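Everything below concerns the one structure shown next.
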Amino acid sequence: MVLNASVKLLFMTMKMDASTEAHLRKAKYGVFNHSAVQICTWTKKSLHSEGVCYKQQFYGVDSHRCMEFSPAAALCENNCVFCWRPMEFMRFRQMKASEANEPKEIYERLLAERRQLLSGYPGDGKTDKRKHAEALAPSHFAISLSGEPTLYPKLPQLVRFLKSLKQTKSIFIVTNGQEPSALVKLARSPPTQLYISVNAPSKELFMKINRPARKDGWSRFLRSLDVMSKMKTRRVLRLTMIKGMNMDDRFLNDYVTIIRKAKPHFVEVKAYMFVGFSRSRLKIENMPRHGEIRSFAENLAAASGFEIVDEKRDSRIVLLSNPKLAKHLFI
Ligand code: SF4
């Protein structure tokens, strides 16, 4: 039976275009159709006993057993000025279920890519061999590598599949809050910890900093905060602070309004980092020092009733905890 082009298109899995895939592979990503995996800097450092990431320090996840990936690696609705990723490779369009790979397939293909990316470590003379052996069976999944994971229509199934693996300890998802209806579906099988990225205190700054593809980007963000507030999981707002743009005490009340709307367990106040492709859009002066992050976090804690419970200087981040909700930090 000969399938005509449109029918083939109907059943064809979404693939990144060749130049995007080539670019990602050159940047040491593993790629499978619309998904990608990478070895995080902190996983490398942990394998070399040179330190761990702030999520290990704050929440107890193992940096060396972290699999950082995305099921929608080249799809995003936003065009954030501070993003370290190359924007020219990002597209925005919805992914249909008929175009999406199944969770098990994505996991198995990306795990194989990840093992390939890790294959050279045992011979580099610096790698802890026990940690390398453990790293081959990831226990923490960071679904935040690139693109917007809620554009992958089988995200709830992916979370359920990862939870079914015996070595799984935790699953973190970071979303830009542009797909509130996808979050409603995710609420039925939530990750261990759900993040919404907060990059602006107001609609005006949101449009300037996130540069969303859709005109209703701000109201979608607000709706996602509402959906998050009702989700039965650990809820986190990550505030990316850009000096001279969204980091000023006159915005404190607006940030408190956002916090009250989402009812998070934790708020991470993190510095914008002058790295990657963001250097063509922002200046090094836009990157706050840790001391500036600390004092802004102290004022935000005072204004919101949250408490500062930890910080990591080399990641320029301060962690605030909700005394009414957060019972324990470690997962
Ligand atoms: S949790 Fe995040 S920072 Fe830590 S190792 Fe995984 S991807 Fe890297």
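The values are calculated or read from the model by the stated rules, or taken from the named source; none is laboratory data. Since we're looking at a predicted model, the values are computed, not measured. Each accessible area value is taken on the protein alone, full model and side chains, heavy atoms only, with ligands, DNA and RNA left out. Shrake-Rupley method; radii C 1.70, N 1.55, O 1.52, S 1.80 Å.
Ligands, DNA and RNA aside, S70 has an accessible area near 0 Å² when probed at 1.4 Å.
All Cα-Cα separations within the chain were binned at 10 Å from zero, giving a P(r) of 6, 25, 36, 25, 7, 1, 0, each value a whole percent of the pairs.
Of all the accessible heavy-atom surface of the chain, with the other protein chains kept in place and a 1.4 Å probe, what percent is carbon and sulfur? Reported share for carbon and sulfur atoms: 55 percent.
By DSSP, what percent of the beta bridges with both residues in the range 236-331 are antiparallel, rounded to the nearest 5?
Expressed as a percentage, antiparallel bridges in the range 236-331 total about 60.
Per residue, what accessible area does the chain have, given a 1.4 Å probe and all protein chains present, in Å²? Don't jump to the answer; show the numbers that get you there.
On the way: 14860 Å² over 331 residues.
Accessible surface, normalised per residue, equals 45 Å².
Look at the alpha carbon pairs under 8 Å that are at least 6 residues apart: their mean separation over the length of the range 236-311 gives a relative contact order of 40 percent.
Residues whose amide H falls under 5 Å from that of R85, counting only those 5 or more places apart or on a different chain, are F277, with hydrogens built in the peptide plane.
With N denoting the number of residues in the range 17-134, provide Rg(C-alpha) divided by 2.2 N^0.38 Å, to two decimal places. Can you show the working numbers first?
Working: Rg = 15.7 Å, N = 118, 2.2 N^0.38 = 13.5 Å.
For the range 17-134, the normalised Cα radius of gyration is 1.16.
Across the range 207-220, coupling constants 3J(HN,Hα) worked out from phi with the 6.51/-1.76/1.60 Karplus curve, θ = phi - 60°, read 5, 7, 8, 7, 6, x, 5, 9, 5, 8, x, 5, 5, 4 Hz, and Gly and Pro carry x. Secondary-structure-derived ellipticity at 222 nm for the chain, considering helices only, amounts to -10000 deg cm²/dmol, per-run term -39500 (n - 2.57) for DSSP H runs with n ≥ 4.
Bridge orientation summary for the chain: considering DSSP beta bridges with both residues in this region, about 40 percent are antiparallel.
Using heavy atoms of the protein chains and a probe of 1.4 Å, the accessible area assigned to W84 is about 90 Å². Taking all protein chains as shown and a probe of 1.4 angstrom, T168 keeps an accessible surface of around 30 Å².
Relative contact order for the chain: what is it in percent, counting Cα pairs under 8 Å that are at least 6 residues apart? If you can, show how the numbers build up before the last one.
Values: 609 pairs, mean separation 53.5, N = 331.
Relative contact order of the chain: 16 percent.
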